[in-house]
1. Once ligands and nucleic acids are excluded and a 1.4 Å probe is used, how much of residue 163 is accessible, expressed in Å² to the nearest 10?
2. Please list 59, 77 in order of solvent-accessible area, largest first, computed with a 1.4 Å probe with all protein chains present.
3. Decide, for the range 6-176, between rounded, prolate and oblate: order the square roots of the alpha carbon gyration tensor eigenvalues as a ≥ b ≥ c, take rounded if a/c falls under 1.5, and otherwise choose prolate if a/b is larger than b/c, else oblate.
4. Counting only protein chains, not ligands or nucleic acids, how are 62, 190, 2 ordered by accessible area (probe 1.4 Å), most first?
5. What shape does the range 183-321 have by the C-alpha gyration tensor, where a ≥ b ≥ c are the square roots of the eigenvalues, rounded means a/c under 1.5, and otherwise prolate means a/b greater than b/c and oblate the rest?
6. With a cap of 12 neighbouring Cβ atoms within 10 Å, and only residues DSSP puts in a loop, list the GluC sites (Glu not before Pro) found in the range 1-72.
7. At 1.4 Å probe size, put 124, 25 in order of accessible surface, largest to smallest.
8. Before I look further, what does the range 61-202 give for accessible area per residue, probe 1.4 Å, in whole square angstrom?
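The values are calculated or read from the model by the stated rules, or taken from the named source; none is laboratory data. From a predicted model like this one, the values you see are computed outputs, not experimental measurements. All Cβ positions, glycine included, derive from the backbone under ideal geometry; neighbour counts span all protein chains shown. In case anyone asks, the SASA skips ligands and DNA or RNA and just uses the protein heavy atoms, side chains included. Shrake-Rupley method; radii C 1.70, N 1.55, O 1.52, S 1.80 Å.
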Amino acid sequence: MTRPQSFSAGAPSKLILFGEHAVVYGHAAVAVPLAEPCALATAGLTQAGVPVTVALEDFKLTWSRGEEPAASELRPFARLVESLVKTGRVPDNGWALAVRSAVPIGCGLGSGAAVAAASLRAVYGLFGVSRSDADLSADVYEVERLLHGSPSGVDNTVIAHGRPVLFKKGSPPKFLPAPARALRLAVADTGWRHKTAEVVSDVAQRRREAPGLCDGIFEEIGSLAAEGARAFESGDHRRLGVLMDENQGLLVRLGVSSGSLDHLVGAARAAGALGAKLCGAGKGGCMAALAESGEHALRVARALEEEGAKRVFVARVGVAEGMACRERKD
Ligand code: MEV
(Lines give C-alpha, C1' and ligand atoms only; values in the text may rest on other atoms or scores of the structure.)
Protein backbone atom coordinates (compact mmCIF):
# COMPACT_ATOMS: atom_id res chain seq x y z
CA MET A 1 0.00 0.00 0.00
CA THR A 2 1.42 3.42 -0.92
CA ARG A 3 1.70 5.91 1.87
CA PRO A 4 -0.31 9.13 1.41
CA GLN A 5 1.68 12.34 0.94
CA SER A 6 -0.67 14.10 3.29
CA PHE A 7 -3.57 13.26 5.56
CA SER A 8 -6.25 15.66 6.81
CA ALA A 9 -8.44 15.02 9.80
CA GLY A 10 -10.84 16.87 12.00
CA ALA A 11 -12.33 16.73 15.46
CA PRO A 12 -15.51 18.27 16.85
CA SER A 13 -15.82 20.70 19.72
CA LYS A 14 -17.92 19.69 22.71
CA LEU A 15 -20.61 20.90 25.01
CA ILE A 16 -21.15 19.69 28.55
CA LEU A 17 -24.91 19.48 29.00
CA PHE A 18 -24.62 18.45 32.65
CA GLY A 19 -21.90 17.88 35.18
CA GLU A 20 -18.94 20.23 34.74
CA HIS A 21 -16.79 20.44 37.90
CA ALA A 22 -18.75 17.67 39.64
CA VAL A 23 -17.20 15.29 37.08
CA VAL A 24 -13.75 16.14 38.46
CA TYR A 25 -14.91 14.66 41.80
CA GLY A 26 -16.20 11.40 40.32
CA HIS A 27 -19.80 12.35 39.56
CA ALA A 28 -21.56 11.78 36.24
CA ALA A 29 -21.55 14.27 33.35
CA VAL A 30 -23.29 14.33 29.98
CA ALA A 31 -21.34 15.77 27.05
CA VAL A 32 -22.14 16.01 23.36
CA PRO A 33 -19.94 16.67 20.31
CA LEU A 34 -20.58 19.71 18.11
CA ALA A 35 -19.77 19.40 14.40
CA GLU A 36 -19.35 23.19 14.31
CA PRO A 37 -17.11 24.77 15.40
CA CYS A 38 -14.45 22.13 14.80
CA ALA A 39 -10.68 21.75 14.50
CA LEU A 40 -8.87 20.60 11.35
CA ALA A 41 -5.30 19.39 10.88
CA THR A 42 -3.21 18.24 7.92
CA ALA A 43 -0.04 16.22 8.31
CA GLY A 44 2.27 15.98 5.31
CA LEU A 45 5.59 14.40 4.40
CA THR A 46 8.55 16.74 3.94
CA GLN A 47 12.19 15.72 3.38
CA ALA A 48 13.84 12.97 5.39
CA GLY A 49 16.11 14.57 7.98
CA VAL A 50 14.24 17.89 8.00
CA PRO A 51 12.93 18.75 11.50
CA VAL A 52 9.24 18.36 12.19
CA THR A 53 7.36 21.65 11.80
CA VAL A 54 4.00 22.87 13.07
CA ALA A 55 2.07 25.74 11.47
CA LEU A 56 -0.82 27.33 13.33
CA GLU A 57 -2.65 28.89 10.43
CA ASP A 58 -5.07 30.97 12.52
CA PHE A 59 -2.18 32.70 14.26
CA LYS A 60 0.29 32.65 11.35
CA LEU A 61 2.81 31.02 13.67
CA THR A 62 5.29 28.25 12.93
CA TRP A 63 7.56 26.13 15.05
CA SER A 64 10.37 23.86 14.03
CA ARG A 65 11.41 20.97 16.27
CA GLY A 66 14.57 21.81 18.20
CA GLU A 67 13.62 25.49 18.51
CA GLU A 68 12.13 27.17 21.54
CA PRO A 69 8.43 27.92 20.72
CA ALA A 70 8.24 31.63 19.86
CA ALA A 71 4.69 32.08 21.19
CA SER A 72 2.57 30.54 23.93
CA GLU A 73 0.10 29.18 21.35
CA LEU A 74 2.86 26.96 19.95
CA ARG A 75 3.87 25.43 23.28
CA PRO A 76 1.11 22.79 23.45
CA PHE A 77 2.00 21.63 19.94
CA ALA A 78 5.68 21.39 20.76
CA ARG A 79 4.70 19.18 23.73
CA LEU A 80 2.35 17.16 21.54
CA VAL A 81 5.05 16.53 18.91
CA GLU A 82 7.64 15.59 21.55
CA SER A 83 5.32 13.14 23.28
CA LEU A 84 4.22 11.68 19.94
CA VAL A 85 7.79 11.16 18.75
CA LYS A 86 8.69 9.64 22.14
CA THR A 87 6.12 6.88 21.65
CA GLY A 88 8.11 5.75 18.59
CA ARG A 89 4.90 5.51 16.56
CA VAL A 90 5.97 8.19 14.09
CA PRO A 91 9.38 9.36 12.76
CA ASP A 92 11.17 12.19 14.56
CA ASN A 93 11.74 14.14 11.32
CA GLY A 94 10.47 14.57 7.78
CA TRP A 95 6.91 15.67 8.41
CA ALA A 96 4.89 18.80 8.99
CA LEU A 97 1.62 19.54 10.67
CA ALA A 98 -0.74 22.42 9.83
CA VAL A 99 -3.62 23.20 12.19
CA ARG A 100 -6.72 25.36 11.87
CA SER A 101 -9.45 25.67 14.45
CA ALA A 102 -12.69 27.60 14.69
CA VAL A 103 -13.13 26.51 18.31
CA PRO A 104 -12.67 29.56 20.54
CA ILE A 105 -9.90 29.07 23.09
CA GLY A 106 -10.64 29.15 26.82
CA CYS A 107 -14.33 29.14 26.17
CA GLY A 108 -15.60 25.79 27.47
CA LEU A 109 -15.93 24.13 24.07
CA GLY A 110 -12.90 21.86 24.40
CA SER A 111 -10.56 23.70 22.02
CA GLY A 112 -7.43 22.05 23.46
CA ALA A 113 -8.79 18.51 23.13
CA ALA A 114 -10.22 19.25 19.66
CA VAL A 115 -6.93 20.50 18.18
CA ALA A 116 -5.03 17.66 19.85
CA ALA A 117 -7.46 15.04 18.51
CA ALA A 118 -7.41 16.48 14.98
CA SER A 119 -3.59 16.73 15.01
CA LEU A 120 -3.02 13.22 16.33
CA ARG A 121 -5.57 11.76 13.93
CA ALA A 122 -3.84 13.51 10.99
CA VAL A 123 -0.34 12.35 11.98
CA TYR A 124 -1.50 8.79 12.69
CA GLY A 125 -3.33 8.78 9.36
CA LEU A 126 -0.22 9.95 7.50
CA PHE A 127 1.95 7.17 8.95
CA GLY A 128 -0.72 4.46 8.88
CA VAL A 129 -0.70 4.11 12.67
CA SER A 130 -3.84 2.29 13.67
CA ARG A 131 -5.40 3.78 16.81
CA SER A 132 -8.96 3.16 17.93
CA ASP A 133 -11.11 6.04 19.17
CA ALA A 134 -10.45 4.80 22.71
CA ASP A 135 -6.68 4.91 22.04
CA LEU A 136 -6.99 8.39 20.57
CA SER A 137 -8.98 9.49 23.60
CA ALA A 138 -6.21 8.20 25.89
CA ASP A 139 -3.58 9.98 23.78
CA VAL A 140 -5.50 13.27 23.90
CA TYR A 141 -5.90 12.82 27.66
CA GLU A 142 -2.10 12.55 27.99
CA VAL A 143 -1.65 15.81 26.06
CA GLU A 144 -4.32 17.49 28.21
CA ARG A 145 -2.67 16.19 31.36
CA LEU A 146 0.71 17.59 30.34
CA LEU A 147 -0.89 20.99 29.87
CA HIS A 148 -3.66 21.23 32.45
CA GLY A 149 -2.81 19.01 35.42
CA SER A 150 -5.57 16.49 36.04
CA PRO A 151 -8.58 16.85 33.77
CA SER A 152 -11.54 14.57 34.41
CA GLY A 153 -11.30 12.96 30.97
CA VAL A 154 -14.71 14.05 29.73
CA ASP A 155 -13.39 16.38 26.99
CA ASN A 156 -11.03 13.88 25.35
CA THR A 157 -13.69 11.15 25.55
CA VAL A 158 -16.51 13.03 23.84
CA ILE A 159 -14.19 14.64 21.28
CA ALA A 160 -12.17 11.55 20.30
CA HIS A 161 -15.26 9.35 20.03
CA GLY A 162 -17.45 12.08 18.55
CA ARG A 163 -20.50 10.67 20.32
CA PRO A 164 -22.77 11.86 23.12
CA VAL A 165 -21.62 10.30 26.36
CA LEU A 166 -22.59 9.76 29.97
CA PHE A 167 -19.16 10.02 31.54
CA LYS A 168 -17.93 9.13 35.00
CA LYS A 169 -14.24 9.25 35.89
CA GLY A 170 -12.82 5.76 36.40
CA SER A 171 -15.71 3.94 34.68
CA PRO A 172 -15.99 2.98 31.02
CA PRO A 173 -17.86 5.74 29.14
CA LYS A 174 -21.49 5.00 28.36
CA PHE A 175 -22.22 6.26 24.85
CA LEU A 176 -25.76 7.44 24.48
CA PRO A 177 -27.91 6.11 21.65
CA ALA A 178 -29.34 8.48 19.06
CA PRO A 179 -31.69 10.88 20.80
CA ALA A 180 -35.31 10.39 19.82
CA ARG A 181 -35.21 14.02 18.60
CA ALA A 182 -32.11 16.03 17.70
CA LEU A 183 -31.35 18.87 20.11
CA ARG A 184 -31.29 22.44 18.79
CA LEU A 185 -29.06 24.76 20.75
CA ALA A 186 -27.86 28.32 20.65
CA VAL A 187 -24.33 28.56 22.05
CA ALA A 188 -23.03 32.01 22.93
CA ASP A 189 -19.56 33.24 23.81
CA THR A 190 -19.43 35.90 26.52
CA GLY A 191 -16.07 37.01 25.15
CA TRP A 192 -14.51 36.56 28.61
CA ARG A 193 -11.72 33.99 28.67
CA HIS A 194 -10.82 31.63 31.46
CA LYS A 195 -8.11 29.10 32.13
CA THR A 196 -9.84 25.82 32.96
CA ALA A 197 -7.05 24.73 35.31
CA GLU A 198 -7.40 27.99 37.29
CA VAL A 199 -11.18 27.71 37.66
CA VAL A 200 -10.85 24.04 38.64
CA SER A 201 -8.27 25.06 41.24
CA ASP A 202 -10.56 27.84 42.57
CA VAL A 203 -13.29 25.24 43.00
CA ALA A 204 -10.85 22.95 44.83
CA GLN A 205 -10.03 25.84 47.16
CA ARG A 206 -13.74 26.50 47.74
CA ARG A 207 -14.21 22.82 48.55
CA ARG A 208 -11.40 22.96 51.12
CA GLU A 209 -13.17 25.91 52.75
CA ALA A 210 -16.71 24.47 52.54
CA PRO A 211 -16.49 20.72 51.90
CA GLY A 212 -20.05 19.91 52.94
CA LEU A 213 -21.58 22.58 50.72
CA CYS A 214 -19.47 21.72 47.66
CA ASP A 215 -19.85 17.95 47.97
CA GLY A 216 -23.62 18.41 48.32
CA ILE A 217 -23.66 20.50 45.13
CA PHE A 218 -21.55 17.93 43.26
CA GLU A 219 -23.88 15.15 44.40
CA GLU A 220 -26.93 17.03 43.12
CA ILE A 221 -25.23 17.81 39.80
CA GLY A 222 -24.36 14.13 39.36
CA SER A 223 -28.01 13.14 39.89
CA LEU A 224 -29.10 15.78 37.35
CA ALA A 225 -26.63 14.33 34.84
CA ALA A 226 -28.00 10.81 35.29
CA GLU A 227 -31.55 12.07 34.81
CA GLY A 228 -30.42 14.31 31.94
CA ALA A 229 -28.99 11.29 30.10
CA ARG A 230 -32.41 9.61 30.29
CA ALA A 231 -34.20 12.75 29.07
CA PHE A 232 -31.65 13.03 26.21
CA GLU A 233 -32.28 9.46 25.09
CA SER A 234 -36.05 9.73 25.29
CA GLY A 235 -36.11 13.11 23.52
CA ASP A 236 -37.83 14.81 26.47
CA HIS A 237 -36.51 18.28 25.70
CA ARG A 238 -38.77 20.05 28.19
CA ARG A 239 -37.32 17.98 31.02
CA LEU A 240 -33.80 18.50 29.64
CA GLY A 241 -34.36 22.26 29.75
CA VAL A 242 -35.60 22.16 33.34
CA LEU A 243 -32.58 20.08 34.34
CA MET A 244 -30.21 22.50 32.56
CA ASP A 245 -31.73 25.38 34.53
CA GLU A 246 -31.29 23.44 37.78
CA ASN A 247 -27.68 22.65 36.87
CA GLN A 248 -27.06 26.35 36.22
CA GLY A 249 -28.48 27.20 39.65
CA LEU A 250 -26.03 24.78 41.26
CA LEU A 251 -23.10 26.19 39.25
CA VAL A 252 -24.05 29.68 40.43
CA ARG A 253 -23.97 28.41 44.03
CA LEU A 254 -20.58 26.86 43.37
CA GLY A 255 -19.35 30.31 42.34
CA VAL A 256 -18.33 29.54 38.73
CA SER A 257 -20.89 31.64 36.88
CA SER A 258 -20.27 35.32 36.12
CA GLY A 259 -22.23 38.51 35.46
CA SER A 260 -22.04 38.08 31.70
CA LEU A 261 -22.98 34.38 31.85
CA ASP A 262 -25.95 35.13 34.13
CA HIS A 263 -27.00 37.91 31.78
CA LEU A 264 -26.95 35.69 28.67
CA VAL A 265 -28.67 32.82 30.50
CA GLY A 266 -31.43 35.27 31.47
CA ALA A 267 -31.67 36.60 27.90
CA ALA A 268 -32.00 33.06 26.51
CA ARG A 269 -34.77 32.24 28.96
CA ALA A 270 -36.55 35.51 28.09
CA ALA A 271 -36.38 34.42 24.43
CA GLY A 272 -38.24 31.24 25.34
CA ALA A 273 -35.31 28.80 25.70
CA LEU A 274 -36.34 25.52 27.34
CA GLY A 275 -33.29 25.82 29.58
CA ALA A 276 -29.90 27.52 29.65
CA LYS A 277 -26.62 27.13 31.46
CA LEU A 278 -22.93 27.88 31.27
CA CYS A 279 -20.76 25.22 29.63
CA GLY A 280 -17.30 24.11 30.70
CA ALA A 281 -15.32 25.63 33.51
CA GLY A 282 -17.32 28.87 33.71
CA LYS A 283 -16.22 32.32 35.00
CA GLY A 284 -16.61 33.45 31.39
CA GLY A 285 -16.54 31.37 28.24
CA CYS A 286 -19.71 30.01 26.71
CA MET A 287 -23.29 29.29 27.67
CA ALA A 288 -25.81 27.12 25.84
CA ALA A 289 -29.55 27.44 25.51
CA LEU A 290 -31.85 24.62 24.47
CA ALA A 291 -34.42 25.67 21.88
CA GLU A 292 -37.65 24.09 20.72
CA SER A 293 -36.69 23.88 17.02
CA GLY A 294 -34.02 24.98 14.57
CA GLU A 295 -35.97 28.13 13.82
CA HIS A 296 -36.38 28.88 17.53
CA ALA A 297 -32.62 28.35 18.05
CA LEU A 298 -31.98 31.10 15.47
CA ARG A 299 -34.32 33.44 17.34
CA VAL A 300 -32.61 32.69 20.66
CA ALA A 301 -29.23 33.21 18.97
CA ARG A 302 -30.34 36.64 17.70
CA ALA A 303 -31.50 37.59 21.21
CA LEU A 304 -28.12 36.53 22.62
CA GLU A 305 -26.31 38.64 20.04
CA GLU A 306 -28.47 41.63 20.87
CA GLU A 307 -27.67 41.12 24.54
CA GLY A 308 -23.93 41.35 23.94
CA ALA A 309 -22.71 37.84 23.07
CA LYS A 310 -19.43 38.14 21.20
CA ARG A 311 -20.14 35.13 18.99
CA VAL A 312 -23.09 32.78 18.67
CA PHE A 313 -23.25 29.27 17.19
CA VAL A 314 -26.42 27.43 16.34
CA ALA A 315 -25.93 23.73 16.89
CA ARG A 316 -27.83 20.57 16.10
CA VAL A 317 -27.00 17.58 18.28
CA GLY A 318 -27.93 14.11 17.13
CA VAL A 319 -25.51 11.22 17.09
CA ALA A 320 -23.83 11.61 13.68
CA GLU A 321 -22.71 15.24 14.12
CA GLY A 322 -19.48 14.49 15.93
CA MET A 323 -18.48 12.06 13.20
CA ALA A 324 -18.91 14.70 10.50
CA CYS A 325 -15.31 15.89 10.36
CA ARG A 326 -12.93 12.97 10.46
CA GLU A 327 -10.48 11.84 7.78
CA ARG A 328 -9.23 12.67 4.29
CA LYS A 329 -6.12 11.25 2.54
CA ASP A 330 -4.53 13.17 -0.35
C1 MEV B 1 -13.93 21.33 31.42
O2 MEV B 1 -14.43 21.19 30.10
C3 MEV B 1 -14.86 20.75 32.41
C4 MEV B 1 -14.41 20.73 33.85
O5 MEV B 1 -15.32 19.86 34.54
C6 MEV B 1 -12.99 20.25 34.04
C7 MEV B 1 -12.80 18.78 33.74
O8 MEV B 1 -13.76 18.02 33.59
O9 MEV B 1 -11.62 18.36 33.69
C10 MEV B 1 -14.53 22.10 34.50
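1. The accessible area of residue 163 comes to roughly 90 Å².
2. Working: 59 90, 77 20 Å².
Ranked list, largest accessible area first: 59, 77.
3. Here the range 6-176 falls in the prolate category.
4. Values: 62 100, 190 5, 2 125 Å².
Order by accessible area, largest first: 2, 62, 190.
5. Note, shape of the range 183-321 comes out oblate.
6. Of the GluC sites (Glu not before Pro), the ones in loops of the range 1-72 whose Cβ has at most 12 other Cβ atoms within 10 Å are 67.
7. I get 25, 124, largest accessible area first.
8. Ligands and nucleic acids excluded, the result is 42 Å² per residue.
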